[in-house]
Structure formats: structure tokens, C-alpha cells
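These notes are about the structure you will find just below.
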Amino acid sequence: MFPEALQEALNEQIQREFYAAYLYLSMAAYFEAINLPGFASWMRHQSEEEVGHAMRLFNFVNDRGGRVILQAIEQPPAEFESPLAAFEAALAHEQRVTRHINDIYELAVRENDYPTQVELHWFITEQVEEEHMASQIVEQLRMVGDQPVGLLMMDKMLGEREGEEE
Ligand code: MG
């Protein structure tokens, strides 16, 4: 028995993960446009990871005999004031995702749905990593300020990120 309320909450979460993928892809386009290909590549990897998150939940809902209902994905912003503003927006989105994951976990506890609790453990751990990465880059961008050399060094560093499994 897969509680209806939980299915709905997970369907909404699938939408949020796809929105994150769309948001980060939009940020990749922004970074390409301002000639920071390393930042763009990092965002592209991040976007792919978010699709992985959405598909993980998609598979989970199906495996439980639930019904995935895909929801509309809103248009992400295309322009950002600065690289710092883009990463601050990314961090804010991840903090929002964390709050929703926690809410869904609480719902799974209330509904005594153990498989969802176990599935969400992975996401809870992942969110610690996501927030850590984004806030570290935000802090480094604050350090760099308006210095082009620092920005170009960060671009090189972020461009070295390899694709990950999820
Ligand atoms: Mg995610």
C-alpha cells in the first residue's frame, strides 16, 4: 500500500528536481554567454545530476506500484546579475529542495511508509553535499569579488569537474 498523499508529494518532488535541471542548464547558458566555460561545464554536470535525481524518484514511484504524473516545469531565469548572483540562486534552490525533502520524510514517517523513508535517506545525504558545494562556491566568489584573475582561476577549477554517477 503506497499512500496517495506520499505519491503526490513525490510527484511534486520529481517536478522540483527537473526544474533544478532546467535552472542549472539555464545557468550553463548564461556562463557560456559571459565566456566562463568552466562554470558552464560545472552547471551542465549539475543539471545532468538533477535529471538523475528526478529519475531516481520516477523509478521509485513506479517500483512501488504508484503512478508518476509529470507536472509542468516553469521557465527558469535566463539572466543573472553576476556569477555570484547565479550561485546564490543555486544555493537558495538547494535549500528549498532540502526543506521539501525533509517535509516528505516527515510525511513518510506519519504514514508509516518505511520504503519511502529508506529511499529519502539517500536524498537527505545528497542535500548535505549539494548545499555544501554551492555555499563553498558562493563564498569563494565573494572572496574573488571583481578580480578577473580570481574568476578565471575558479573557471579553470570548476571546468575540471568530472561527470558523476548521480
Ligand atoms: Mg536534486
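The values are calculated or read from the model by the stated rules, or taken from the named source; none is laboratory data. Not measured: the values here are computed from a predicted model. Positions of Cβ are backbone-derived with ideal geometry, glycine not excepted, and every protein chain shown enters the neighbour counts. Each accessible area value is taken on the protein alone, full model and side chains, heavy atoms only, with ligands, DNA and RNA left out. Shrake-Rupley method; radii C 1.70, N 1.55, O 1.52, S 1.80 Å.
Suppose we filter ALA29, ALA21, ALA9 for residues that are in a helix (DSSP H, G or I), within 13 Å of the ligand (Cβ to nearest atom) and among the small types (Gly, Ala, Ser); which single one remains?
None of the others qualify; the one that does is ALA21.
Under 8 Å between Cβ atoms, which residue pairs at least 6 apart in sequence (or on different chains) link something in segment 55-67 that is without any contact (Cβ under 8 Å) to a residue 40 or more places away in the chain with a partner that is assigned to a loop (DSSP other than H, G, I, E, B)?
ASN62/VAL68
So, in segment 117-166, exactly how many residues are of a type outside the set (Asp, Glu) and closer than 20 Å to VAL51 by Cβ?
Count: 11.
Inside segment 80-119, can you point out the residues that are aromatic (Phe, Trp, Tyr) and open to solvent by 70 Å² or more (accessible area, probe 1.4 Å)?
Hit for segment 80-119 is TYR114, nothing else.
What are the pairs, 6+ residues apart or on separate chains, where a residue within segment 125-149 that is among the small types (Gly, Ala, Ser) has its Cβ under 8 Å from a residue that is crowded, with 17+ Cβ neighbours inside 10 Å?
Short answer, once both residue conditions are applied: ALA134/PHE87; ALA134/ALA90; ALA134/LEU91; ALA134/GLU94; SER135/LEU91.
Report the residue count in segment 32-53 for those that are surrounded by fewer than 21 Cβ atoms within 10 Å (Cβ to Cβ) and within 16 Å of the ligand (Cβ to nearest atom).
Selection size over segment 32-53: 7.
So is ALA72 at pLDDT 95 or above and under 18 Å from GLU12 (Cβ atoms) or not?
So ALA72 passes the test.
In segment 127-166, what residues are small (Gly, Ala, Ser), surrounded by 11 or more Cβ atoms within 10 Å (Cβ to Cβ) and under 29 Å from ILE101 (Cβ atoms)?
Matches in segment 127-166: ALA134, SER135.
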